């Protein structure tokens, strides 16, 4: 009789341990992130949102587009996938049960082409496609991605633009557009002419090394004469620094 009681106790303890282990393990959520053609999207960010809570779980899809989230508590969830060049894909009302492996695929759609609006070329808002002159827009996301802090370094990769420095950071800096002199490039801040009144040519060349790219929205670079709008210093082109709202 005592042996039977011991056996029952051990069996109960074993089953209770399995239940606790299962509860600690939780459920899993997995799937594949694909593009509109059904091809896998590698490196997509997958975020799981708990319904009615701020809890989040994140992971990234692998080379085959597969993702997996472990230790998911039972409940209802919303899952979102995103990747550069795609619109975010979402699946709502996902019911996850205890210990189950739930499979949810995410299909991403191509993001719409963003039309950048510039004002430097004509003084009025226009899309880049409507501008007859060569215009390059460097936005704050690009600057942050490059981890730049000075205007000259942020503009260095721009086609048709050359940055010359006599030394390290803070040294005299010249920006030349289309191979012309540095005083032939007009610098604007929010459309207002920025210049050194003490300079012989009344240009901004003596101040370029001090311009930082903090609190800006974008920089518009017009390659081509803008003298009709911005004066004689705009023979080579125009650099217009657009500050962020409230900046």
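The figures follow:
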{"item": "Subset tally (residues that are farther than 10 Å from residue 188 by Cβ and touching a strand residue (DSSP E or B) at 6+ places or on another chain (Cβ under 6 Å)) for the stretch 234-247", "result": "4"}
{"item": "The stretch 231-240, residues that are surrounded by fewer than 22 Cβ atoms within 10 Å (Cβ to Cβ) and farther than 16 Å from residue 134 by Cβ", "result": "231, 232"}
{"item": "Residues satisfying the stated conditions in the stretch 160-172, i.e. within 22 Å of residue 135 (Cα to Cα) and either buried (at least 16 other Cβ atoms within 10 Å of the Cβ) or at pLDDT below 85 (or both)", "result": "161, 163"}
{"item": "Subset of the stretch 69-92 (residues that are more than 28 Å from the chain's Cα centre (by Cα) and in a strand (DSSP E or B))", "result": "71, 72, 75, 76"}
{"item": "Any hit, the stretch 59-70, residues being modelled with pLDDT of 90 or more and at positive phi", "result": "yes"}
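The values are calculated or read from the model by the stated rules, or taken from the named source; none is laboratory data. Quick caveat: nothing in here was measured; it's all calculated off a predicted structure. When we count neighbours, we look across all protein chains shown, and the Cβ atoms used for this are built from the backbone with ideal geometry, even at glycine.
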